[in-house]
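Accompanying notes for the structure given below.
Just so it is clear, none of the values below were taken in a lab; they were calculated from the coordinates. Because the structure is predicted, anything quoted here is derived from the model rather than measured. Positions of Cβ are generated from backbone atoms using ideal geometry, with glycine treated the same way; all protein chains shown enter the neighbour counts.
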Amino acid sequence: MLTWNELKGMENRFEIVKDLKADAATLERIQKECVQAEKKVIDSVAEFADAVGMIRARVAIASLVNSCSWDGRISRSNAAWAADTEGALDEECCQHFGIYTAIHRAHLDQLVSAFRRLEKEQAEAPADPVPAAEERPEIISESVAPETVTESSKAARGPVKEKDFAGGALTGNGWSIVFDTGMNRTRVIVADALRETLKPLIESAGFFYSKNQGSWNKKLTHRAHRAALDLADSIRAALV
């Protein structure tokens with residue numbers, strides 16, 4: 001979740017807010033149309049995700065929840081999910097820029113639950129096979145200590161996959177994606193000459209720019225690692 005102090009240091013903060021307001025309006029329209037057509041809540045979030053993409057849909061829904069997470073009609077589980085969503089704006093940001101929704105809070109909570117279910121279904125769906133000729137960029141990795149996992153968490157979630165990519169990097173001519181253990185971030189660092197060319201690719205992959213760190217970032221997670229691999233492929237293709 002982005003705080004006000006973090007957001008105001010971003011060069012593209014007005015673009016973020018503009019896109020978020022547009023996505024919130026799209027969600028309101030789709031939700032209203034689905035209610036009138038007596039469609040299920042899951043249909044609303046699926047249509048919304050198709051319209052703006054899963055990443056933007058997640059950020060928009062989470063930001064709207066953060067703007068009113070204090071409301072008792074928002075479940076604690078959904079409020080915690082929204083607060084932990086990377087790129088979503090916190091309550092102070094939403095108040096500053098006038099980001100809100102006319103959707104009833106109880107209905108908003110239902111939309112969040114449905115969207116989280118949609119994300120889970122997509123994550124569990126079998127991935128498309130990768131052609132044999134396709135190769136991933138080599139990861140320059142350093143050895144890292146395995147994560148500490150308690151017996152109770154193992155029982156609840158199964159073994160935790162080690163972040164064997166942590167401490168490494170994907171590199172190219174004028175760009176790199178660093179799996180920074182010190183900052184606990186997946187960082188995309190680009191030479192000034194390539195910024196305008198690569199910026200759309202980077203931000204469409206869900207990375208957010210930090211002026212303080214001088215890089216586009218995600219948390220250091222397995223999901224961010226997969227996004228980094230895909231982004232590296234896109235960058236290499238764009239710079240051919």
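Below, the figures for the structure above:
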{"quantity": "In the stretch 7-63, GluC sites (Glu not before Pro) in a DSSP loop with at most 15 other beta-carbon atoms within 10 Å", "calculated": "11, 38"}
{"quantity": "Cβ-derived FRET efficiency at R0 30 Å, residue 102 paired with residue 196, nearest 0.05", "calculated": "0.25"}
{"quantity": "Label-point separation, residue 25 to residue 171 (7 Å along Cα→Cβ), nm", "calculated": "4.6"}
{"quantity": "Rough spin-label spacing in nm, given labels placed 7 Å along Cα→Cβ, for residue 76 and residue 14", "calculated": "4.2"}
{"quantity": "The stretch 193-240, dipole about Cα centre (Lys/Arg Cβ +1, Asp/Glu Cβ -1), debye to the nearest 20", "calculated": "200"}
{"quantity": "Computed E for residue 213/residue 95 - FRET, C-beta separation, R0 25 angstrom, nearest 0.05", "calculated": "0.50"}
{"quantity": "Proximal charge balance of residue 209 [Cβ under 11 Å; K/R count +1, D/E count -1]", "calculated": "+1"}
{"quantity": "Spin-label pair residue 38/residue 123, simplified geometry with 7 Å Cα→Cβ offset, distance in nm", "calculated": "3.5"}
{"quantity": "Out-of-range pairs (alpha-carbon distance over 19 Å; input 40/120; 21/211; 163/218)", "calculated": "21/211"}
